[in-house]
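Read the structure below first, then the notes.
The values are calculated or read from the model by the stated rules, or taken from the named source; none is laboratory data. Just so we're clear, the structure is a prediction, and the values are computed from it rather than from any experiment. Backbone-built Cβ (ideal geometry, glycine too); neighbour counts: all protein chains shown. Just the protein is used for accessible areas: all its heavy atoms, side chains included, with ligands, DNA and RNA removed. Shrake-Rupley method; radii C 1.70, N 1.55, O 1.52, S 1.80 Å.
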Amino acid sequence: MEPAITFRPLTESQLPLLHSWLSRPHVTEWWEPAPTLEQVREDYLPYLAPPDVLPLDAPAGVVHYLAYEAGEPFAFVQAYRVMAHQAEGWWPDETDPHVLGVDQFIGLPERLGQGVGTRMLKAFTALLFEDPRVTRIQTDPAPTNARAIACYRKVGFRDVGVVDTLDGPALLMRLPRETAAALTT
């Protein structure tokens, strides 16, 4: 039996670890150019959330987590209120205030290709749907990121179509509560 995957909100003391992951080639290929530690502090420190806050209640509209297996961190995942980011130009057509978006990456390259991403996303979406207000979860990988797209599909996300985002073209994918519930029964 595989160890359970758990999630803890990102803390200030973990920003150097996040920085090291964001600097790895398998992450920068899809995530962003490698930032400096100071840029990581500027980008994430203002959005750190208390341990008990739900993503729909986060004052900044986002909660960042580290994923753990057997007590060791191996991945980054974030959940955000989709409508909380409309003023920045994201998802202007969304009208449901209970939709969450997710983004994630595995920080340790030796963990790639082992199915841990799929297990992590199943556990994370189950955690998010524990909040009965959440109606749907969406994500938007690059249309050429076949590994991420396959992972999301295994979890139950369905393709909506390619959309233009602030980061360029993305494949919008959605996981409605009903689909997630059917996959766990």
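A few points about this structure:
- Cα centroid of segment 17-36 to Cα centroid of segment 131-185, whole Å: 22 Å
- The GluC sites (Glu not before Pro) of segment 87-147 that meet both conditions, a loop assignment by DSSP and at most 10 other Cβ atoms within 10 Å of the site Cβ, are 130.
- Segment 1-60 - convex hull of alpha carbons, volume per residue in Å³: 134 Å³
- Its residues counted as N, the chain yields a C-alpha radius of gyration over 2.2 N^0.38 Å of 0.97.
- Protein heavy-atom surface of the chain, 1.4 angstrom probe: 55% of the accessible area is carbon and sulfur, with nucleic acids and ligands not counted.
- Positive-pole candidate from 66, 83, 46, dipole of the chain, charges at beta carbon: 66
- Around the Cα centre of the chain, unit charges on the Cβ atoms of Lys, Arg, Asp and Glu (plus for the first two, minus for the last two) sum to a dipole of about 640 debye.
- Summed side-chain charge close to residue 115 - residues other than residue 115 whose Cβ falls under 14 Å, Lys, Arg +1, Asp, Glu -1: +3
- Convex hull volume of the C-alpha atoms in segment 76-166, normalised per residue: 105 Å³.
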